[in-house]
1. Hey, rough spin-label estimate for GLU145 and LEU295, points 7 angstrom out along Cα→Cβ, what's it come to in nanometres?
2. Tally Lys/Arg at +1 and Asp/Glu at -1 over every other residue whose Cβ is under 13 Å from the Cβ of LEU328; what's the total?
3. Once you sort the root eigenvalues of the Cα gyration tensor of the range 285-406 as a ≥ b ≥ c, which label holds: rounded (a/c under 1.5), prolate (a/b larger than b/c) or oblate (the other case)?
4. Go through the range 135-200 and name the chymotrypsin sites (Phe, Trp or Tyr not before Pro) that are in a DSSP coil and have 16 or fewer other Cβ atoms within 10 Å of their Cβ.
5. Name the residue, out of PRO373, PRO254, PRO289, whose mean-square fluctuation peaks in a Gaussian network model built on the chain with Cα pairs under 10 Å.
6. How compact and how long is the range 56-148, expressed as Rg and Dmax of its alpha-carbon atoms in Å?
7. Largest first, please: the extent of the C-alpha atoms of the chain along each principal axis, to the nearest Å.
8. Residues with amide H under 5 Å of GLY38's amide H, sequence separation 5 or more or different chain, H placed in the peptide plane at 1.01 Å from N; which?
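No value in this document is a laboratory result; all are computed from the given coordinates. From a predicted model like this one, the values you see are computed outputs, not experimental measurements. Here the Cβ is made from the backbone with ideal geometry for all residues, glycine too, and neighbour counts use every protein chain on show.
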Amino acid sequence: MSERLIGRIEDRSARVVVVGQGYVGLPVAMRASEVGFGVVGFELDRKRVAALRAGTSFVEDVDDDRLRAALDRGYTVTDDAADLVGFDAAVISVPTPLRDGSPDLSFVESATRVLAGALAPGALVILESTTYPGTTEELVRPILEESGLVAGTDFWLGYSPERIDPGNPRWSFENTPKVVSGIDAKSCAAVEAFYGALVDKVVAVGSTAEGELVKLLENTFRHVNIALVNELAMFARDLGVDIWSAIDAASTKPFGYMRFTPGPGVGGHCLPIDPSYLSWRVRRQSGHPFRFVELANDVNEHMPDYVVTRIAALLNRHRRAVNGTKILLLGLAYKAGTSDWRESPSITVADRLAALGATVTAADPYVSTAGGPTPPCAMVPFGAEALADADLTVLLVDHPEFDAATICEHAALVFDTKGVLRSSSFSGEVL
Ligand SMILES: NC(=O)c1ccc[n+]([C@@H]2O[C@H](COP(=O)([O-])OP(=O)(O)OC[C@H]3O[C@@H](n4cnc5c(N)ncnc54)[C@H](O)[C@@H]3O)[C@@H](O)[C@H]2O)c1
């Protein structure tokens with residue numbers, strides 16, 4: 001029966017539903033529309049529904065022109081579950097946060113329930129949300145089977161981790177290989193056919209649990225390596241060694257080394273959260289702590305405090321207290337080139353400095369104050385005026401717009417957590 005679905009995928013007559021129209025779901029919906037599928041985006045946030053219907057995208061990888069072209073082709077956004085009935089393929093891309101340190105799969109559960117109500121024989125459901133190994137089989141499958149249909153017989157079920165890197169100009173949704181999996185061979189073939197229509201290359205793995213683990217392996221790898229260089233940055237300073245030069249030199253090794261650089265901590269929806277999904281599952285299944293993850297959490301969570309300590313010491317050397325000092329933060333986003341400031345270490349730095357009595361402002365050309373959540377401090381445009389107005393500038397994100405020459409010329413004192421000013425002449429310090 002999956003042959004019929006694969007035929008509908010191949011001739012593009014399949015009706016595709018994408019549940020959750022955020023950073024992950026919207027690009028999937030756009031691509032599915034571009035390759036010729038009829039696409040319905042299901043989204044519960046009314047503001048997002050209204051914005052998308054009006055052709056306004058809040059995801060930087062999807063510009064308004066691309067969204068409007070999709071709307072012209074028939075892409076629709078809805079919060080009405082009745083609009084999903086009769087879908088051929090559905091992708092679940094809803095949040096998977098932590099609640100009190102444990103996985104919160106309530107969004108996945110409610111999204112799956114909506115799809116169970118719209119499920120028809122021969123359809124395919126794919127989970128894309130990042131989660132611990134076992135979720136597709138143990139959580140998603142039973143909810144879908146409450147429909148009376150049986151997975152692997154009446155409908156197909158799989159998992160495919162998302163690998164988007166917001167703001168990355170080289171690797172997009174289309175040209176990044178996509179890992180796919182199914183609960184059985186037929187489901188895997190259906191998932192493979194679906195993503196084969198959307199991306200250049202798919203990589204099939206043996207089970208949905210393996211697919212789920214792939215994503216957590218990738219993110220835990222980054223989390224641990226960032227923690228390694230962060231901890232080393234703190235010790236290298238004690239040793240009187242320039243960590244940045246050492247990293248540059250190590251990066252010339254053409255094999256067996258991958259470059260990671262220190263910074264003010266980790267943020268976004270992935271690194272502060274995903275590895276904990278894995279350590280939670282490991283501890284629950286085997287009773288053992290996943291020590292790498294726990295250590296990386298510890299080091300990376302400490303970095304904003306370390307940055308504030310270094311700022312206080314720098315000001316002290318200039319006979320100033322944090323209290324009463326005007327501090328300009330460059331970058332609120334969790335990384336360069338993105339507007340996403342969820343879980344960003346910049347927020348913790350801003351809060352800590354404000355609690356110590358500093359007057360904190362921030363400049364971030366990517367973060368908009370219109371519509372979304374309110375940033376933790378006043379926002380100012382990046383430029384000579386904001387830099388000259390501050391007693392101290394703290395560079396937290398290496399957005400390309402933060403021009404080194406402008407900073408060096410106009411900032412009185414700088415603390416650079418990203419090594420951007422290393423080869424410049426300026427008053428201040430690098431992390
Ligand atoms: N953002 C990234 O860079 C990234 C990368 C890889 C994987 N992921 C993973 O993808 C998943 C989604 O992340 P995101 O960044 O797109 O989140 P997001 O918050 O940007 O988008 C999720 C959307 O789902 C909506 N939603 C929640 N419950 C819903 C429901 N029951 N029905 C319909 N809509 C619902 C929310 O309103 C929101 O708009 C998470 O598991 C995340 O870990 C994210």
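1. My value for the distance between the label points is 4.1 nm.
2. Cβ neighbours under 13 Å give a net charge of -4.
3. The shape class here is oblate.
4. Those satisfying the criteria are TRP171.
5. PRO254
6. Radius of gyration, then largest Cα-Cα span, for the range 56-148: 15.2, 43 Å.
7. Computed over the Cα atoms, the extents are 74, 49, 41 Å.
8. VAL16
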